Structure formats: structure tokens, C-alpha cells
Amino acid sequence: MSRVMLITGASRGIGAATARLAARQGYAICLNYHHREDAANQVLKQVRALGISAITVKADVADENQVVNMFDVIDHEFGRLDVLINNAGMLEQQMRLEQMDAARWTRVLGANVIGSFLCAREAIKRMSTQHGGQGGSIINLSSIAARLGAPGEYIDYAAAKGAIDSMTVGLAREVAGEGIRVNAVRPGVIDTEIHASGGEPDRIERVKASVPMGRGGKAEEVAKAILWLASEHASYTTGALLDVSGGR
């Protein structure tokens, strides 16, 4: 049977690019989405066209019950899980910290941190050899913002991704003896729709001069790093934070 991969936030951007590449590598795929059913179904059509077994599951990863239900669907449809890509995340309008309210932080931490924790927890229950699993791989989507801090833009998002870095390192050590590898990819400025969510669709043009390679990255370039970490080519790699940022 094909290896089974869950990709959260798979309807667009890096998640969608990862799904298309994973399909070409023969994975069976669960495509999670929150709002964009039309976009998720388009990705589903693309991966099924490659002869891949794939499903979509609507779930807000910040909601514990919805995450548990999503994993129940995976159990029923596939009977196993080999790879989790914790890609779902969000950011809000650019602003300084003193302009932010607590509700914004709750939303950002919920989508970016709590969601990754909940999905990792459920994945470990299925992958860990301590729970009768066959091992597996978890790849968390962090951001170069965790290192740069995103001043004047989204300190809350940067803080959330810093939490992802810490969780990645700690969890990798916690489950290394149970057949599970845990790593993170830290994209830099990537050409996706997320910049519009922050209120600056053309952000890449403004900041590309600060990137040593002089350009923004492509979602497919991040997807290739994710798929490498998921594969046996990275069999001795765990607890790694892999920057895909053009040198930034």
C-alpha cells in the first residue's frame, strides 16, 4: 500500500504544491482545508489525475474536536498514517505590537501553534512504535520570521513560528526512539497568497533586495525540501530546522 500523507492547509500555496509533488512520488494523500473548499477540490482533482488515492477533509486545526474527527476519517479511509505535514497557518494585517489586541494573538497562536500540536499529538498516537505504529515523519512549517522577528509587521506570527521551532526540537528528541522523525522547514519570502492576508500583496517586491539571492522563492521550492525531509533520503535527520530562504 502507498504511504499515507496528511497535509494541513493543503488548498493553496505551499500546501497545494506539496500535495502535487507528493502525488508524483506516489503518496496517498489527505488534503485538509478550513475555508477554501473550491480550491481544495481543485488540488484533489490534480492529484487524482495522477492515479493517486486522495481525499479532502474540512477541519479547523485549532479546534481539538475537529482535529480528532479528521484523524478518525484518515483511520477509516486509509488505516494508517506515515507522514504529517503541519502546514496550516495564518497571519493578520501588518501592524506594530502596541496596536494588537489579545484576540489577534489567540487566533494566530491557535492556527499556527495549537493546530500543529494537536495534529502532531494525533499523528504520534498512530505512528509511534510505543503505540503499535510503524514509525513515520512529521514536518512542521515554521518561518524565517522565527529568527528575524518580523518587526513592524507581524511579531505575533514570528513568535508563533518560534514556538514551532522549539516544539520541533523537543518533540524530535522525545520520539526519536519510537521510529518518528520530526523536522521543520523555515521558508523565507515565498510567492503565495499569504502576503495579501497581511495587507501587502506585493510584499516580495519590497523586501527582495534584502534576500541575498535577490528574489522571492516559489512554493514548489519549499515543497521539495518538505518531501526530502519526509523521505528515506533524510533517514538520519531529525530535529532539524531547514531554512529555505534564499540566504536571508
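The values are calculated or read from the model by the stated rules, or taken from the named source; none is laboratory data. From a predicted model like this one, the values you see are computed outputs, not experimental measurements. Methodologically, a virtual Cβ is constructed for each residue, glycine included, from the backbone with ideal geometry; neighbour enumeration extends over all protein chains shown. What goes into the accessible areas is simple: the full protein's heavy atoms, side chains included, and nothing from ligands, DNA or RNA. Shrake-Rupley method; radii C 1.70, N 1.55, O 1.52, S 1.80 Å.
How large is the accessible surface of Asp202 in square angstrom, using a 1.4 angstrom probe and rounding to the nearest 10? Roll a 1.4 Å probe over it and Asp202 shows about 110 Å².
Semi-axes of the equivalent ellipsoid for segment 4-244, please: Cα gyration tensor eigenvalues, times 5, square-rooted, ordered largest first, whole Å.
Working: eigenvalues 146, 75, 65 Å².
With the √(5λ) rule applied to segment 4-244, the semi-axes are 27, 19, 18 Å.
To put it simply, the accessible area of segment 4-244 at a 1.4 Å probe is 51 percent carbon and sulfur. The mean accessible area for residues of segment 1-158, using a 1.4 Å probe and ignoring ligands and nucleic acids, is 43 Å² per residue. Of the residues Val43, Val73, Ile55, the one whose Cα sits farthest towards the positive end of the charge dipole of segment 16-123 is Val43 (charges of +1 on Lys and Arg Cβ, -1 on Asp and Glu Cβ, taken about the Cα centre). Pairs exceeding a 25 Å alpha-carbon distance, out of Lys45/Lys125; Lys58/Lys208; Lys161/Lys224; Lys58/Lys161; Lys45/Lys161: Lys45/Lys125; Lys58/Lys208; Lys45/Lys161. With a Förster radius of 41 Å, plug the Cβ-Cβ distance of Glu220 and Glu98 into 1/(1 + (r/R0)^6) and report the FRET value to the nearest 0.05. Approximately 0.60, to the nearest 0.05.
Under a 1.4 angstrom probe, counting protein chains only, how are Arg96, Arg126 ranked by accessible area, largest first?
On the way: Arg96 140, Arg126 60 Å².
Highest to lowest solvent-accessible surface, that is Arg96, Arg126.
How large is the dipole of segment 126-223 about the Cα centre if only Lys and Arg carry +1 and Asp and Glu carry -1, each at its Cβ, rounded to the nearest 20 debye? Show your work: numbers first, answer last.
On the way: 11 positive and 12 negative charges, 58 e Å.
That gives segment 126-223 a dipole magnitude of about 280 debye.
Distance between the 7 Å Cα→Cβ label points at Ala209 and Ser235: 4.8 nm. Near the amide H of Asp243, within less than 5 Å, lie the amide hydrogens of Arg186, all on another chain or at least 5 residues away, with H placed in the peptide plane. Computed from backbone phi, the HN-Hα couplings of segment 88-95 come to 4, x, 7, 9, 10, 3, 4, 6 Hz, rounded to whole numbers (Karplus: 6.51 cos²θ - 1.76 cosθ + 1.60, θ = phi - 60°; Gly and Pro given as x).
For segment 154-161, the Karplus equation 6.51 cos²θ - 1.76 cosθ + 1.60, evaluated at θ = phi - 60°, returns couplings of 8, 4, 5, 5, 4, 5, 4, 6 Hz by residue, with Gly and Pro reported as x.
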